[in-house]
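Remarks on the structure that follows.
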Amino acid sequence: MNNDGKLFIAKGLKRIPLLYPLARRYNKRRHTVIGKQVEHWCASAARQLEGHAAVTVPNDGPIWVLWWQGVETAPAIVRACIASMERNAGGRKVVVITRDNVQDYVDMPELIFEKMASHAITLTHFSDILRFNLLHRYGGLWMDATLLVSSSLDETRCFGSFFTCSGFVDPTHFFVTKGKWTGFFIGGSSSEPLFAFMDAFFQTYWEHNDQLVDYFLIDYALDYAYEHDIGSLREWVQTQYGKDNPHLFDLAPIIADSFDPQVWKQLTADTNVFKLSWKKPKTYPAGSYGACILNQQIPFQLRSDTDRNNRN
C-alpha cells in the first residue's frame with residue numbers, strides 16, 4: 001500500500017476513540033517508514049550545512065504571508081486575517097507574497113517553478129518551500145493566511161531568534177509532529193540553521209523527485225531536524241513546549257456559533273492567534289463569531305493589561 005492509502009486509513013482511525021491505541025501503533029509504523037524514505041534527502045541537506053560557522057543576527061524580518069492570487073481576490077475571512085496581522089504587527093511590515101511579486105523575494109531554482117507549472121508541486125507544497133526560503137534569506141515570521149491575530153504579537157517572543165507554536169493534542173499521533181511544532185506559524189533569525197537546512201532539503205528533494213513521498217513532507221523533514229538536533233527546534237520544544245497560544249485551534253469549531261463575550265474573553269486570556277479555515281463554513285450566520293470578525297465587531301482588545309501582565 002502506498003503512503004496515500006496509509007494516510008487514508010490513519011484518517012479513519014483517528015475518528016474512532018476506541019481505536020486510539022491501535023491508531024497510535026499504526027501511525028508509529030507509518031511515520032517510521034516515511035521517515036526512512038526521506039532520510040537520504042535530509043542527510044544530504046544536513047551535509048550542505050557542514051563547515052558553515054554559526055553567526056547570530058537579529059530577527060529584523062517582516063511577517064510573511066502567501067495568497068497566490070492576490071489579497072483582493074481572497075475570501076473575506078482571509079482578508080480579515082491579514083488585516084488583523086497588520087493591526088497587530090507592532091510596526092513590522094506584513095509582506096503578502098503573490099504570483100506577481102514572488103520573484104522579487106525568493107532565491108530558489110527555476111525547476112521549482114517549472115514543477116509548479118507542470119503540477120508536480122502543488123501551491124500548498126510550494127508554500128512549504130517558500131516559507132523556509134524566505135526565512136533563510138530574511139528572517140521574520142511566517143503566518144498562514146488563515147491566522148487571526150486578536151492582539152499585538154509579542155515582539156520579543158514572536159520575533160526572537162526562533163519561534164513556533166507547540167503543545168497541541170494529537171491523541172492518535174496522526175502527525176509525526178505529535179504537537180511539538182506548527183509549520184504554519186514559525187519564524188526566527190535568518191541565521192537560524194533550521195531554515196538553512198529546510199531550504200536545502202526542499203531544493204535537494206525536488207531536484208531528484210517529481211512527486212511527494214507524503215502530503216506532510218514538511219513535517220518529516222522537520223522531524224529529522226528535531227531528531228538530529230539541527231538548529232533550534234529541539235531546544236525550543238524542550239524548553240518552550242505549550243507556552244504559546246493554547247487555544248490556537250479552539251475558535252474554528254465555534255466560528256459559526258453566536259458570539260459570546262465571556263467565551264471570547266476566556267479564549268483570548270492566554271491566546272491571541274487562532275487558526276481558521278477559508279474553506280468552511282462558506283458563510284457565517286448573523287451575530288456569529290465569523291460574522292463579527294468580518295464586520296470588525298469583535299472587541300479584539302478584551303484582554304486587560306492585568307491579564308497580559310499575569311501571563312508574562
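State which entries of Lys93/Lys178; Lys11/Lys93; Lys14/Lys265; Lys6/Lys280 exceed 28 angstrom in Cα-Cα distance in the structure shown. Present the calculation step by step, with values, prior to reporting the outcome.
Values: Lys93/Lys178 32 Å; Lys11/Lys93 38 Å; Lys14/Lys265 31 Å; Lys6/Lys280 26 Å.
Exceeds cut-off: Lys93/Lys178; Lys11/Lys93; Lys14/Lys265.
If you keep only loop residues by DSSP, which GluC sites (Glu not before Pro) in the stretch 1-96 have at most 10 other Cβ atoms within 10 Å of their Cβ?
Glu50
Between Trp236, Trp278, Trp181, where does the largest GNM mean-square fluctuation fall for the chain, given springs only between Cα atoms within less than 10 Å?
Answer for the Gaussian network model of the chain: Trp278.
Which whole-Hz ³J(HN,Hα) couplings does the stretch 246-259 yield from phi under the Karplus relation 6.51 cos²θ - 1.76 cosθ + 1.60, θ = phi - 60°, glycine and proline marked x?
Values, residue by residue: x, 9, 3, 9, 8, 7, 3, x, 10, 4, 9, 7, 5, 4 Hz.
Considering amide H positions built from the backbone, and no H for Pro or chain starts, which residues 5 or more places from Phe159, or on another chain, come under 5 Å of its amide H?
none
How much net charge surrounds Glu192 when only the other residues with a Cβ under 12 Å from the Cβ of Glu192 are counted, with Lys and Arg +1 and Asp and Glu -1?
Overall, the nearby charge balance is -1.
Please name whichever of Ser191, Trp181, Phe162 sits farthest to the positive end of the charge dipole of the stretch 146-205, dipole taken about the Cα centre and charges placed at Cβ: Lys and Arg +1, Asp and Glu -1.
Result: Trp181.
How much mean residue ellipticity at 222 nm does the chain get from its helices, if each DSSP H run of length 4 or more adds -39500 (n - 2.57) and you divide by all residues, to the nearest 500 deg cm²/dmol?
-13500 deg cm²/dmol
Taking 0.36 nm per intervening residue step and subtracting the Cα-Cα distance, what contour gain separates Asp4 from Gln211 on full extension?
73.3 nm
For the chain, with only Lys/Arg (+1) and Asp/Glu (-1) charged at the beta-carbon, what is the dipole magnitude about the Cα centre, in debye rounded to 20? Write down the numbers at each step before the final one.
Working: 32 positive and 33 negative charges, 239 e Å.
Using Cβ point charges on Lys, Arg, Asp and Glu, the chain gives about 1140 debye.
Can you give the extra length, in nm with one decimal, that the chain gains between Lys243 and Val71 once fully stretched, where that is 0.36 nm per residue apart less the Cα-Cα distance?
Full-extension gain reported as 58.8 nm.
Given the options Leu7, Thr56, Pro75, identify the residue whose Cα lies farthest towards the positive end of the charge dipole of the stretch 1-104 (+1 on Cβ of Lys, Arg; -1 on Cβ of Asp, Glu).
Checked the options; the winner is Leu7.
Given a 10 angstrom Cα cut-off, can you work out which residue in Met143, Met108, Met198 is the most mobile in a GNM of the chain?
Met108
Of all the accessible heavy-atom surface of the stretch 1-118, with the other protein chains kept in place and a 1.4 Å probe, what percent is carbon and sulfur?
On the way: 3730 of 6860 Å².
Roughly 54 percent of what the probe reaches on the stretch 1-118 is carbon or sulfur.
Near Ser84, within a Cβ-to-Cβ distance under 13 Å, what is the net charge of the other residues, with Lys and Arg +1 and Asp and Glu -1?
+1
Collect residues whose amide H, placed 1.01 Å from N in the peptide plane, falls under 5 Å from the amide H of Thr182; neighbours closer than 5 in sequence don't count.
Residues meeting the amide H criterion: Cys165.
Only loop residues by DSSP count here, and only those with at most 11 other Cβ atoms within 10 Å; note down the GluC sites (Glu not before Pro) in the stretch 176-261 that meet that.
none
Treat every Asp and Glu Cβ in the stretch 1-60 as -1 and every Lys and Arg Cβ as +1, leave all other atoms uncharged, and give the resulting dipole magnitude about the Cα centre to the nearest 20 debye.
On the way: 11 positive and 4 negative charges, 137 e Å.
Here the stretch 1-60 has a charge dipole of around 660 debye.
Can you give me the % of accessible surface on the stretch 121-191 that is carbon or sulfur? Probe 1.4 Å, all protein chains present, nothing else counted.
Roughly 53 percent of what the probe reaches on the stretch 121-191 is carbon or sulfur.
List the longest stretch of the chain that has no exposed loop site; here a site is one of the trypsin sites (Lys or Arg not before Pro) assigned by DSSP to anything other than H, G, I, E or B, with at most 10 other Cβ within 10 Å.
On the way: sites that count: Arg15, Lys279, Lys282.
The segment 16-278 is the longest one with no such site.
Top mean-square fluctuation among Tyr20, Tyr289, Tyr226, Gaussian network model of the chain, C-alpha springs under 10 Å?
Tyr20
Using a 1.4 angstrom probe, figure out how much accessible area the chain has per residue, in square angstrom, rounded to the nearest whole.
Per residue, the chain has 48 Å² of solvent-accessible surface.
With both bridge residues required to lie in the chain, what share of the DSSP beta bridges run antiparallel, to the nearest 5%?
65
Quickly work out the Asp229-to-Asp154 label distance, labels modelled 7 Å from Cα along the C-beta direction, and quote it in nm with one decimal.
Those two pseudo-labels are separated by 2.6 nm.
With Cα extents along the principal axes in Å as the read-out, I listed [x] 51, 48, 40; [y] 50, 44, 43; [z] 56, 48, 38; which label goes with the value calculated from this structure?
[x]
State to the nearest 20 debye the size of the charge dipole of the stretch 71-137 about its Cα centre, where the only charges are +1 on K and R beta carbons and -1 on D and E beta carbons.
Dipole magnitude for the stretch 71-137 comes out near 320 debye.
Pull up all non-local amide H partners of Ser232: gap of 5 or more, or a different chain, and H-to-H distance under 5 Å with H placed in the peptide plane.
Leu194
The values are calculated or read from the model by the stated rules, or taken from the named source; none is laboratory data. Every value quoted in this text rests on a predicted model; they were computed, and no experiment measured them. A quick note on method: Cβ atoms are made from the backbone with ideal geometry, for glycine too, and the neighbour counts reach across all protein chains shown. The area values use the complete protein model at the heavy-atom level, side chains included, leaving out ligands, DNA and RNA. Shrake-Rupley method; radii C 1.70, N 1.55, O 1.52, S 1.80 Å.
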